[in-house]
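All remarks here apply to the structure that follows.
The values are calculated or read from the model by the stated rules, or taken from the named source; none is laboratory data. Quick caveat, the model's predicted, so the values are computed rather than measured. Positions of Cβ are backbone-derived with ideal geometry, glycine not excepted, and every protein chain shown enters the neighbour counts. To get the accessible areas, we keep the full protein, side chains included, count just its heavy atoms, and leave off ligands, DNA and RNA. Shrake-Rupley method; radii C 1.70, N 1.55, O 1.52, S 1.80 Å.
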Amino acid sequence: MLRILTILICCLCLSTHAQSVNQAEAADSIIYEEYMTAIGRAFFQGDNFDKALTLYHQADTASMTEHDLSRYALAAFFKQHYPLALEVATYGLTRKPGDINFTRLAFFCNTELKDYDDAQRHARALFSNSATTPLFYYDYEYLVRLINSKATLDELDRTYLKTSYQYLINYYLSQKDYQTTAKRYAQKLLALDPTNALAKQVLQP
């Protein structure tokens, strides 16, 4: 009986020790994930996207905040790792459905990867929120790329294209060193709409 009791006590001690080890390892893992994420964030904020990407890649996305997921996806996008950026952005949308930053990145990445059906789906989600969400010149540039990827354009495509060209013309006219880019978009707009007053004004001698 004493021998059995001794064995049981030993087993309990071993179990408790193993549990303590597992808990310590889990704590170390959490600390490691937080460390990698924090350092990745620091490099991202310092515009060192290579190092940020390396460190974020070593962390577990499940432990990241939505802000760090967004930084991770952006770092991958800036370094033209479009499949990775899309993967992170798509995961971000499962965590925060409808998030405008993840939607925008998914739109851009799908366009770069020539998955135009998914790009159109995300573009629709992005531009449908334009009343409450600010849009930027690069949103319109990617929309132009997406529309021009089509073999034929319907009337809605032409309307969106015309709106995009007008936005881009006005944007680049406001940028001192980008007048040539404004004229390039004006030429495209004039080809689409030969009577457009803005395009004619920009292109006049």
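Taking the criterion of being among the hydrophobic types (A, V, I, L, M, F, W, C), at pLDDT 50 or above and under 26 Å from the mean Cα position of the chain (by Cα), would at least one residue in the stretch 20-37 satisfy it? Spell out how you get there, then give the answer.
Narrowing the stretch 20-37 to residues among the hydrophobic types (A, V, I, L, M, F, W, C): 21, 24, 26-27, 30-31, 36.
After this cut, where a residue has to be at pLDDT 50 or above as well, the list is 36.
If we keep only those that are under 26 Å from the mean Cα position of the chain (by Cα) too, we end up with 36.
Yes - at least one qualifying residue is present in the stretch 20-37.
Of all residues in the stretch 171-189, which are open to solvent by 50 Å² or more (accessible area, probe 1.4 Å) and assigned to a helix (DSSP H, G or I)?
Within the stretch 171-189, the first condition is being open to solvent by 50 Å² or more (accessible area, probe 1.4 Å), and the residues that meet it are 171, 173-180, 183-184, 187-188.
Hits for the stretch 171-189 are Y171, L173, Q179, T180, K183, R184, Q187, K188.
Go through the stretch 129-153 and count every residue that is among the β-branched types (V, I, T) and either surrounded by fewer than 17 Cβ atoms within 10 Å (Cβ to Cβ) or out of contact with any helix residue (DSSP H, G or I) (no Cβ under 6 Å at 6 or more places or on another chain) (or both). Steps first, please.
Taking the stretch 129-153 and keeping what is among the β-branched types (V, I, T), we get 132-133, 144, 147, 152.
Now drop any that are not either surrounded by fewer than 17 Cβ atoms within 10 Å (Cβ to Cβ) or out of contact with any helix residue (DSSP H, G or I) (no Cβ under 6 Å at 6 or more places or on another chain) (or both), which leaves 132-133, 152.
Count: 3.
For the stretch 156-163, check the following and say yes or no: at least one residue is of a type in the set (S, T, N, Q), farther than 30 Å from E87 by Cβ and either in contact with a helix residue (DSSP H, G or I) (Cβ under 9 Å, 6 or more places away or on another chain) or at pLDDT 95 or above (or both).
Checked against the condition, which is being of a type in the set (S, T, N, Q), farther than 30 Å from E87 by Cβ and either in contact with a helix residue (DSSP H, G or I) (Cβ under 9 Å, 6 or more places away or on another chain) or at pLDDT 95 or above (or both), the stretch 156-163 yields at least one hit.
Give the residues of the stretch 106-128 that are open to solvent by 10 Å² or more (accessible area, probe 1.4 Å) and not aromatic (F, W, Y), sorted by residue number.
E112, L113, K114, D115, D117, D118, Q120, R121, H122, R124, A125, S128
Just to be sure I understand, how many residues within the stretch 115-159 are charged (D, E, K, R) and more than 16 Å from the chain's Cα centre (by Cα)?
Adding up the residues that qualify gives 7.
Under the condition of being β-branched (V, I, T), closer than 20 Å to Y116 by Cα and open to solvent by 20 Å² or more (accessible area, probe 1.4 Å), which residue from the stretch 81-102 is modelled with the lowest pLDDT?
Among them, the one singled out is I100.
Just a yes or no: is a residue in the stretch 65-80 hydroxyl-bearing (S, T, Y), crowded, with 24+ Cβ neighbours inside 10 Å and in contact (Cβ under 8 Å) with a residue 24 or more places away in the chain?
Yes, because at least one residue in the stretch 65-80 is hydroxyl-bearing (S, T, Y), crowded, with 24+ Cβ neighbours inside 10 Å and in contact (Cβ under 8 Å) with a residue 24 or more places away in the chain.
Here's a check for you: in the stretch 154-170, which residue that is over 17 Å from P194 (Cβ atoms) and aromatic (F, W, Y) is least open to solvent (accessible area, probe 1.4 Å)?
Filtering first and then ranking leaves Y167.
Could you list all residues from the stretch 112-152 that are more than 22 Å from Y185 (Cα to Cα), charged (D, E, K, R) and part of a helix (DSSP H, G or I)?
Of everything in the stretch 112-152, those that are more than 22 Å from Y185 (Cα to Cα), charged (D, E, K, R) and part of a helix (DSSP H, G or I) turn out to be D117, D118, R121, R124.
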